[in-house]
Amino acid sequence: MSDWGATSTPGARAQRSAIRLPSNDMVPLTAPPLLRFLRRPSDRWIVALLVVTVLAIVVQQSLTHVDYNFEIFRRSFRHLAAGRDLYVAYPDEQVDLFKYSPTFALLFLPFATLPTLLALALWDGLNVGLLWFSMRCLLPRRDAQIALAIMYLEIVRTTQRAQSNALVTALMVLAFVWLEERQQVVAVFAIVVGTSVKLFPALAIIPAIFHPRRARLALVALVGGVVALLLPLVVTSPAELLAQYRSWGALERLDAFAGPTGGAGGLYGGVMHWVRLAFHVTWPNLPIQLAGLAVLLAPLARVDQWELPLFRLRLLASILLFCTIFNHQVESPSFVIAMAGTAIWFVSSERRGVDVALLAVVLVIVSLGTNDVMPDAIRDPIIRYKLKTLPVFALWIVVQSELFGLRRGPLRLAACER
């Protein structure tokens, strides 16, 4: 990652010195990223594992049934092109509602027209492959490998449900990387596409505050957002598209007041659920989410820290954690986003005993807690009381304390080849 600061302090120089640029003794840095990222056997083994994982999931679903999420995504394009309301129930076709944007329905065109299993393999491969690529772009080689290991079980879980969580995580990470490299257009592209899938990737624009050309970036983002909103006009009329947005808005307003439901596959309700339990209140989600957003943004007042790469990296980790625990519609497969934030925080930390212990708690409760390998005495309370949010929230508090300077922050980023 690049340094943008116009000033230099001893602390800044100390943190910069912990980062060593990738060595170019084997492959020039001008080589395509995939070539550079696959030059090591360990990288190739990780990619092979991810490919086998995707294929195994596709084969398993071919023998049982393709997850209903994927079928809903496929039908959304057909409904959009036919001028049918995307956001009403179709009980004869699908078991749940489509809750994404009309633009996402359009972007799913390639997967809607191919044979089901081929489309599923490509969709899962896109999600997992882009997540791997984003972590390799963000982190040095060894740190990226550790991060992917931390995330692996959640990658499997979201892929089994054919969800888009790995994709939006990758787009948020890539937006951060490209902002660091001052590639405004592609960074905005990643944010716009991610926001077209789910709304919360819009928070990936927050690190743009560090960008030296913020006004230009804001203009690019505005243009990109308008283009994304109007893109479905290639297959529908303006009147039909306006009706789709009205219907989507009504559904989003309804969901905004929804509470968590039972079962492992139900909604967790995030921090809002636990606020209601702890204080015996019936507060709506939005005020709690806005309070959380204020806490997320408050460390940006430390302008003297903006030039430090590890401060910016820590902010990215915090954003990914925030997107999970303050999402009132968060589901179990969504926690891959939180585990990405967890992994980024851990690999860039000093890895003190308390940090390792906190990571272990997050892994046990979030990734292993609802797994069939866990004893019922552990798994059942985690599911019943929706405990996944709690260790992630605790970690978010730790990350925020580091951003505020209340807890000594990380002083290292592994010095190894990318």
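The values are calculated or read from the model by the stated rules, or taken from the named source; none is laboratory data. Small disclaimer: the values here were computed from a predicted structure and weren't measured. Every residue, glycine among them, receives a Cβ derived from its backbone with ideal geometry; neighbour counts consider all protein chains shown. Accessible surface is based on the protein model in full, side chains and every heavy atom, while ligands, DNA and RNA are left aside. Shrake-Rupley method; radii C 1.70, N 1.55, O 1.52, S 1.80 Å.
Table for the structure above
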item	result
Conditions (1) of a type in the set (Phe, Trp, Tyr); (2) open to solvent by less than 40 Å² (accessible area, probe 1.4 Å); (3) under 23 Å from Leu153 (Cα atoms); number of the one not met by Tyr87	(3)
Residues located in the stretch 61-76, provided they are open to solvent by 80 Å² or more (accessible area, probe 1.4 Å) and outside any helix (DSSP H, G or I)	Thr64, His65
Hits in the stretch 149-189 (condition: open to solvent by 10 Å² or more (accessible area, probe 1.4 Å), of a type in the set (D, E, K, R) and within 15 Å of the chain's Cα centre (by Cα))	Arg157
Of all residues making up the stretch 84-110, the number that are among the small types (Gly, Ala, Ser) and touching a residue at least 40 places away in the same chain (Cβ under 8 Å)	2
Residue in the stretch 369-378 that is surrounded by 20 or more Cβ atoms within 10 Å (Cβ to Cβ), β-branched (Val, Ile, Thr) and on the phi < 0 side of the Ramachandran plot present	yes
Any hit, the stretch 133-148, residues being under 15 Å from Leu49 (Cα atoms), of a type in the set (D, E, K, R) and open to solvent by less than 10 Å² (accessible area, probe 1.4 Å)	no
Test for Leu296: is it in a helix (DSSP H, G or I), under 19 Å from the mean Cα position of the chain (by Cα) and of a type outside the set (Gly, Ala, Ser)	yes
Residue within the stretch 209-221 that is hydrophobic (A, V, I, L, M, F, W, C) and either open to solvent by 70 Å² or more (accessible area, probe 1.4 Å) or touching a strand residue (DSSP E or B) at 6+ places or on another chain (Cβ under 9 Å) (or both) present	yes
Which listed residue, of Val47, Val58, Val54, is part of a helix (DSSP H, G or I), touching a residue at least 60 places away in the same chain (Cβ under 8 Å) and in contact with a Gly (Cβ under 6 Å, 6 or more places away or on another chain)	Val54
Any hit, the stretch 98-112, residues being part of a helix (DSSP H, G or I), open to solvent by less than 20 Å² (accessible area, probe 1.4 Å) and out of contact with any helix residue (DSSP H, G or I) (no Cβ under 6 Å at 6 or more places or on another chain)	no
Test: residue in the stretch 304-320 that is hydroxyl-bearing (Ser, Thr, Tyr), modelled with pLDDT of 95 or more, crowded, with 20+ Cβ neighbours inside 10 Å and at negative phi	yes
Boolean, Phe335 is in contact (Cβ under 8 Å) with a residue 12 or more places away in the chain, open to solvent by 10 Å² or more (accessible area, probe 1.4 Å), part of a helix (DSSP H, G or I) and closer than 20 Å to Leu148 by Cβ	no
Number of the exception - Ile205 against (1) farther than 25 Å from Ile57 by Cβ; (2) in contact (Cβ under 8 Å) with a residue 60 or more places away in the chain	(2)
For Val366: the one exception among (1) touching a Pro at 6+ places or on another chain (Cβ under 7 Å); (2) without any contact (Cβ under 8 Å) to a residue 60 or more places away in the chain	(2)
Any chance Leu251 is open to solvent by 10 Å² or more (accessible area, probe 1.4 Å) and closer than 27 Å to Leu174 by Cα	no
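Each row is one residue, and each column tells you yes or no for (1) assigned to a helix (DSSP H, G or I); (2) not hydrophobic (A, V, I, L, M, F, W, C).
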| position | (1), (2) |
| --- | --- |
| Ala202 | yes, no |
| Pro207 | yes, yes |
| Pro212 | no, yes |
| Ala221 | yes, no |
| Leu233 | yes, no |
| Arg246 | yes, yes |
| Leu254 | yes, no |
